[in-house]
Amino acid sequence: MKTSLWLLGVLGLQLVGFAAPSRPEVDGLKPGVSLEAVRSVGEIKVDGTLSEVVWHRPGFDSFTERDPNEGTKPSERTEIWVAYDQEALYVAARMFDSSPDSIVARLARRDTKISSDYFVFYVDSYHDKRSGYYFEVNAAGTIADGVLYNDDWSDGTWDGVWEGKARVDSLGWTVEMRIPFSQLRFQRDSSYVWGVNFERFISRKNEDDYVVFTPKNSSGFVSRFPNLTGITEVDAARPIELLPYFVSKAQYMNVDGNNPFNDGSEYSFGLGGDFKAGIGNNLTLDGTLNPDFGQVEVDPAVVNLSDLQTYYTEKRPFFIEGADIFTNFGYGGSNSFWGFNFSTPDFFYSRRIGRPPQGSIPDADYVDVPTGTTIISAGKLTGRIGDGWTIGTLHAITSRETAMVDTSGSVYSVPVEPLTYYGVARVRKEFAAGDQGLGFIATLSERDFKEAALRDQLNSSEFVFGIDGWTYLDANKTWVLTGWSGMSQVRGGRNRMISLQESAPHYLQRPDVSYLHFDSSATSLTGYAGRLALNKQKGNIYVNAALGFMDPRFDVNDLGFMWRGDVVSGHVVGGYLWTEPGRFARSGSVFFALFRSYDFGGDMIWSGVYTQERVTLLNYYSIDGWFAYNPQSVSDYSTRGGPKMLNLPGFETELMVSTDDRKAWVANAGVHHMEYKTGDRDVTYYAGIQWNPDPNMKLTVSPSYEQSNWDAQWVGVFDDPAAVPTYGKRYVFATLRQKTISADIRLDWAFTPQLSLQLYAQPLISAGNYSNYKEFARPRSYDFDFYGRNGSKITEAGGSYFVSPGGAGAPFSFSDPDFNFKSLRGDVILRWEYAPGSTIYLVWTQDRTDDRYPGFMQLNRDFRSLVSASPNNIFLIKLTYWFNT
């Protein structure tokens, strides 16, 4: 009970802090408002000075404040103009400021979020009232851009080729933008009506002003845009864009001096290129020749002791741009989704393409394995056709890969990846101005095997098909119903299908259930899944509910991503949003939820009650917290394919406090606490400190410390016919005491809007000590038989444990699982956009690891051990040049 006292405090803070009369409700709209673009008769030089004649006319200045005082007149005046010529759209803005010396102008790398004054132009060029683009320039000249979709959401991974300049003067500051029509998608016509919106942010006041805005207790952004008229007879032709590249890489690796495959240094270079071609005004064809799909930024280090795969975000530009067409499957219509114990699968996970080879490697003295599978070619077609149709299709071919193996001087090759085709198709149709939507997605992976060994290790093919859609249930678009359903079919040899059925997402071999039907003769696996969600997305009262299922045979992991099947899960969430400032709080929310999950055999595998709170104080500090209680349930996966185990009751809670992000020093700190009657206990302390010493520099340090005690950590499974209660297998567990300390360190230093330096480093030390070895005693319990008791014996020698279970049990052994993993990885990236769309990267990447002193953490010793470890260094230069033909 004491652990949740903070929860009552936060709730009380909200109830008292918002005990103030509220203003009349505002809708953020300006009925009848329309803006006009004027054709420029002379050249417009984009320099931020607004010296051209086309800007010397009365502009549009009807803005409304959304934050901090919703619906009121802005504290500072903003005036905007829109013009165009045959090739581009131009936007100009004058941000008047009564204290120009107080304008916050911080320089950063492109697309980097930083507290600064900024101006944003939004455009819905399809005029579908659901999608569009945004172009942002801050007072220091840093630019950002992205796409808008699903009416309320945005994706900043898209990078257009456009110009934006800013200038601070005695009246405030100004912005000029030039956006080529070639960067926008629109239906070709003699004249155009587009939706547009404009935003100005005043950092020192935390003031956000819009032409039209989304009220804090409502939804819908693009659908509110006023019309932009006046654009006629422009050059809507889509040129071909070429982006050739040159890359050179030098690698200096820490290897054994006797390694016949690597003397510690390796040099390589590559030439290739991407192209982009417009097919009409609505479709874009992207292709690549000899692509460079190596990512510039490193992935973070993780210590994964579970049976599940680790999810990494995509960082490769080819797959990032336009990804929302493929990745928003199942998320249309609604602006809010809750998961609880249901993890919606990604039908398309682009990091499967070019992944490290999957084939097994025999025990050997030395091996040389490719770090990634070579992508021979890739292409995609995205855009819109007809009335409300969105399409996207992506295709890629990866090459055969082999590993070189040296065993006692005998060198030979081992196939580790076959020639593989990957394909994705996505189609969505919107009806009645986005009130309804219906779409489908299909993915296919097909492998061409020439080696019998790989047939037993990899799927020969996987086909996945899904249907999704949404519909608003009322004219005001307050209630929306969103859903999706899908099927998957995996094909392969019998040995591969056995392995797949026994893998973590399925565990069809579980011996104490009858509904799974493990099939050792199967050559395919077919499964189904789906979910239906209801969301109330307007008003202060919040409601969300969902019901979903994934059957035990559903699998998308060849070209998608999922963790587990065999689940039927539902939840109901209710909440309240405070959007008007009170006596000492600006805004806040409180949510309560009930959730429960079953497997297909009818056992409750998770359940609980949950509450979440957030409050923003008048000084812009924020407090976030949540608490969940989980009653007893049954675990399908603790024994990793064995009989079911009980989950005993417990709770989880978290509290975080953040400071005002406008200051030179910004900080947050939090604690997460979990405790269950099994004896499991996990406490994580984390913090973040951001220092802005200069307007062009930002240093962020985010340390964390986690201390865990896991009462039943998996060790392994061993066959023994004498283990009758557990179906002829001994499921071995131990108590694990683990400590992990890590930090993310980032330095962003921008010299100009086009030239920047970025440093990233991640030190990590994680040590774990296993003790109290034991075996699972009987199904549907949390009972164990401890080794060293009741006639059983356990001894340790030479880095292994030897167990005699007692009675007729067969002895077995396993390696000491204690660990002390230490890692330091990072990179330094100098990025110079020397011409629009053209970039030079200079990159230094280093990583070092060490695993000495397993079992217990001693910070000084382990840090010295990590620093003294031999590093791997990679130096890379990459040059691209953008042609627009």
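A short reminder: the numbers here are calculations on the coordinates, not readings from a lab. All values reported here derive from a predicted model rather than from experimental measurement. Don't worry about glycine lacking a Cβ; one is built from the backbone with ideal geometry, like all the others, and counts go over all protein chains shown.
What the table shows:
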read-out: Local electrostatic count, G359, Cβ distance below 9 Å [Lys/Arg +1, Asp/Glu -1]; value: -3
read-out: Spatially proximal lysines relative to K276 (Cα-Cα < 17 Å; intrachain offsets below 8 disregarded); value: K380
read-out: S838 long-range amide H proximity, modeled H, under 5 Å; value: W882
read-out: Karplus (6.51, -1.76, 1.60) ³J(HN,Hα), θ = phi - 60°, over the range 604-612, in Hz, Gly and Pro reported as x; value: 6, 9, 5, 6, x, 10, 9, 9, 9
read-out: Nearby aspartates and glutamates by direct alpha-carbon distance to K793 (threshold 15 angstrom, same-chain neighbours under 8 apart not counted); value: E775, D785
read-out: Built amide H within the under 5 Å cut-off of T112, gap 5+; value: none
read-out: Phi-based couplings in Hz for the range 741-746 (Karplus 6.51, -1.76, 1.60; Gly and Pro marked x); value: 10, 8, 7, 10, 10, 10
read-out: Highest-first arrangement of 443-454, 583-594, 219-230, where packing means the average Cβ count within 10 Å; value: 219-230, 583-594, 443-454
read-out: Low-density loop positions, trypsin sites (Lys or Arg not before Pro), the range 123-195 - DSSP coil, at most 13 other Cβ in 10 Å; value: R188
read-out: As computed over the range 60-117, the Cα convex hull volume per residue (Å³); value: 135
read-out: Quarter of the Cα convex hull surface for the range 770-825, i.e. its orientation-mean projected area (nm²); value: 5.9
read-out: Greater than 31 Å apart at Cα, pairs in K73/K165; K45/K663; K538/K677; value: K45/K663; K538/K677
read-out: Net charge of neighbours whose Cβ lies under 9 Å from the Cβ of V556, counting Lys and Arg as +1 and Asp and Glu as -1; value: -4
read-out: Listed residue (A533, V543, S521) projecting farthest to the positive dipole end of the range 521-573, Cβ model; value: V543
read-out: Cβ-placed point charges (K, R +1; D, E -1), dipole of the chain about Cα centre in debye, nearest 20; value: 1140
read-out: Tensor-based shape of the range 220-350 (alpha-carbon gyration tensor, a/c under 1.5 rounded, otherwise prolate or oblate); value: oblate
read-out: All lysines inside 20 Å of K822 as judged from Cα atoms, apart from same-chain residues fewer than 8 positions distant; value: K739
read-out: Dipole of the range 559-617 [Lys/Arg +1, Asp/Glu -1 at C-beta], most positive-end residue of V609, T579, F561; value: T579
read-out: Amide H contacts under 5 Å for V38, placed H, 5+ residues apart; value: V82, A83, Y84
read-out: Compactness of the range 447-606 as Cα Rg over 2.2 N^0.38 Å, two decimals; value: 1.40
read-out: The chain - mean residue ellipticity at 222 nm from DSSP helices (-39,500 (n - 2.57) per run, n ≥ 4, rounded to 500); value: -1000 deg cm²/dmol
read-out: Among the listed pairs K315/K698; K113/K216; K113/K477; K315/K450; K216/K477; K450/K878, those beyond 24 Å (Cα-Cα); value: K113/K477; K315/K450; K450/K878
read-out: Share of alpha-carbon pairs per 20 Å distance bin for the chain, given as whole %; value: 12, 42, 37, 8, 0
